[in-house]
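Here the structure is laid out as structure tokens; the discussion comes afterwards.
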Amino acid sequence: MAAGSCILLLLLPSLVTASHSPPGCKIRITSKGLDLVKQEGLRFVEQELQNITVSDLHGNEGQFQYNISQVKVTDLQMAFSDLNFQPQQHLVFNIKNASISLRFRRQLLYWFFYDIGSINASADGVHIYTVLQLAKDEAGRLKISNMTCNASIAKMHAGFSGTLRKVYEFLSTFIITGMRFLLSQQICPSLEHASLVLLNSVLDTVPVRNYVDEHIGIDYSLLRDPSISVDTLDLDFKGMFFPRVREDQELENHAVEPVIKETERMVYVAFSEYFFDSAMHSYFQAGVLTIELQGEKVPKDLEVLLRATFFGTIFMLSPSVDAPLRLVLQVSAPPRCTIKPSGTSVSVSAFLNISLVPPDRPPVQLSSMAMETKLSAKVFLQGKALRMQLDLRRYGWGPMGAWGESPPHPTQSCFLLSRFRIYSKQSALESLALFSLQAPLKTLLQLTIMPIINERTKKGVQIPLPEGMDFTREVVTNHAGFLTVGADLHFSKGLREVIEKYRPVPTAAAYSSSRPAEPSLDPSSL
């Protein structure tokens, strides 16, 4: 019994770790962000309620036969609405004291008298209470998984006109009661379709597992259901890049879990060191962290210096003295990202092979040296794309002030010094001889290699937001082991515009069958 307890205690930490994988990316939506969503959501609800389809109402009372058809919502007044977080996984949308104006067609047959016309009606004291449950689906995408709805109408009245106005007023209680019942029965099904079908189609535009470029992809699948408090909604994303040549590859996450405490902005997005490490590991696995310069691509000043440094070796290679130089820079291990409150850096280890390439002869290696460098990394947003720009120059800026150059982007935070050194793989004596090459090679990297690397990462990676929703007033803040982007939101496209963009085009047959039938004008059909 004691032995079993000891084994359980030993396994407990691993079980806890397995059930709670730390996210590489985390998003927090605050109550301020929810207020913006409410404004756009209310417009969407109004549009949906205006498209309510109410069934025809027909019947008879003694010698009276009636038909109410072509019910149209002409106006909506939402006097009070609210959208709130409800722990643990819910959003509550509440509309009180709303009014709905209607117009419908009337047909009445009384003995030999036939009357036709329209009726204007109004439903007042409309109360709609909906609860949306949010969850991750099997693909790791955020979805509205369930909805509960309760709708009621306090009162309804109608105005009649025409030759049989008195008759309609006599039957108004029956007709209005029927219309009130039919209308209240259509509100919730309309909103249920809007939520579970239309709004979920907007959530489908959030990238989950997409290709970034021809070499790597990004996995933004949710690790667990959203966590909702009274003031915030938190989403934990995997935030892992993968090489396209090995899409099933998993990189274990040992980084610090991002912790978002702020609530002043509409949204906060946090990225751990794992997020950036997995990107560089994927590029390394894809085999693209190798750059070759040969002949005229080698800067002239550097070529002269290299030929002088290796003069003795080159002189002994006659007649290959004038053969072009070739430089091959190959990263030897996946680069690692370090995020500190003072700034972000990327540590890189690489091999630099210098060779002569005589025509029609095998290359002759002059030197193979190891390089270690710590690059300053500038992380910033451009639109919805997160970008990282690497640099070998010495930077220093941040919350304490600035020295030298200023940040290239107002949403970027950086405060660090780059580092660079080279040494020979063969001997300490050769390392000493290579000391004079350190500054020129650093310049080579900065002017030739770094632009190539930054061009590859220029596109950046999209942050998982729905289409039509963009960031404004972004601010990047560094923490120990992760960084956060605080921003406000705005809708560049309305919900309806995004929904219509991705709505399947109905076939002609489906369209004709779904249209309500036109009411008959023949009294004999009543």
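Descriptive notes on the structure:
- Pairs of alpha carbons in the stretch 32-204 whose separation is greater than 24 Å (percent): 44 percent
- In the complete set of protein chains, residue-level accessible area for CYS188 is approximately 20 Å², probe 1.4 angstrom.
- Treating r as the C-beta distance of ARG43 and GLU296 and R0 as 41 Å, the FRET efficiency rounds to 0.10.
- Shape category assigned to the stretch 178-241 from the gyration tensor of Cα positions, a/c cut at 1.5: oblate
- Peptide packing for 491-498, 148-155, 339-346 was compared via the average number of neighbouring C-beta atoms within 10 Å per residue; ordered from the highest value, the list is 339-346, 491-498, 148-155.
- Summed residue charge, Cβ within 13 Å of LEU251's Cβ, Lys/Arg positive, Asp/Glu negative: -4
- FRET efficiency for the ALA439 to TYR211 pair, using the beta carbon distance and R₀ = 51 Å, is estimated at 0.85.
- Difference of contour (0.36 nm per residue) and Cα-Cα distance, GLN70 to SER145: 23.7 nm
- Cβ-derived FRET efficiency at R0 41 Å, LYS458 paired with ARG503, nearest 0.05: 0.75
- Inter-label distance for GLU192 and ALA79, nm, one decimal - labels placed 7 Å from Cα along Cα-to-Cβ: 2.8 nm
- With every protein chain in place, the stretch 32-104: carbon and sulfur % of accessible area (1.4 Å): 40 percent
- Distance from the alpha carbon centroid of the stretch 177-203 to that of the stretch 239-282 works out to 39 angstrom.
- Gain in span if fully extended, ALA480 to VAL304, counting 0.36 nm per residue against the direct Cα distance: 58.9 nm
- Extension gain, THR177 back to SER118 (0.36 nm per residue minus Cα-Cα distance, nm): 19.5 nm
- When the charge dipole of the stretch 32-204 is built from unit charges on Cβ atoms (+1 for Lys and Arg, -1 for Asp and Glu) and taken about the Cα centre, the candidate among GLN50, THR130, LEU196 whose Cα reaches farthest toward its positive end is GLN50.
The values are calculated or read from the model by the stated rules, or taken from the named source; none is laboratory data. Worth saying up front: this structure is predicted, and the values here are computed from it rather than measured. As a convention, Cβ positions derive from the backbone with ideal geometry for all residues, glycine included, and neighbour counts pool all protein chains shown. Areas reflect the complete protein model, heavy atoms only, side chains present, ligands, DNA and RNA absent. Shrake-Rupley method; radii C 1.70, N 1.55, O 1.52, S 1.80 Å.
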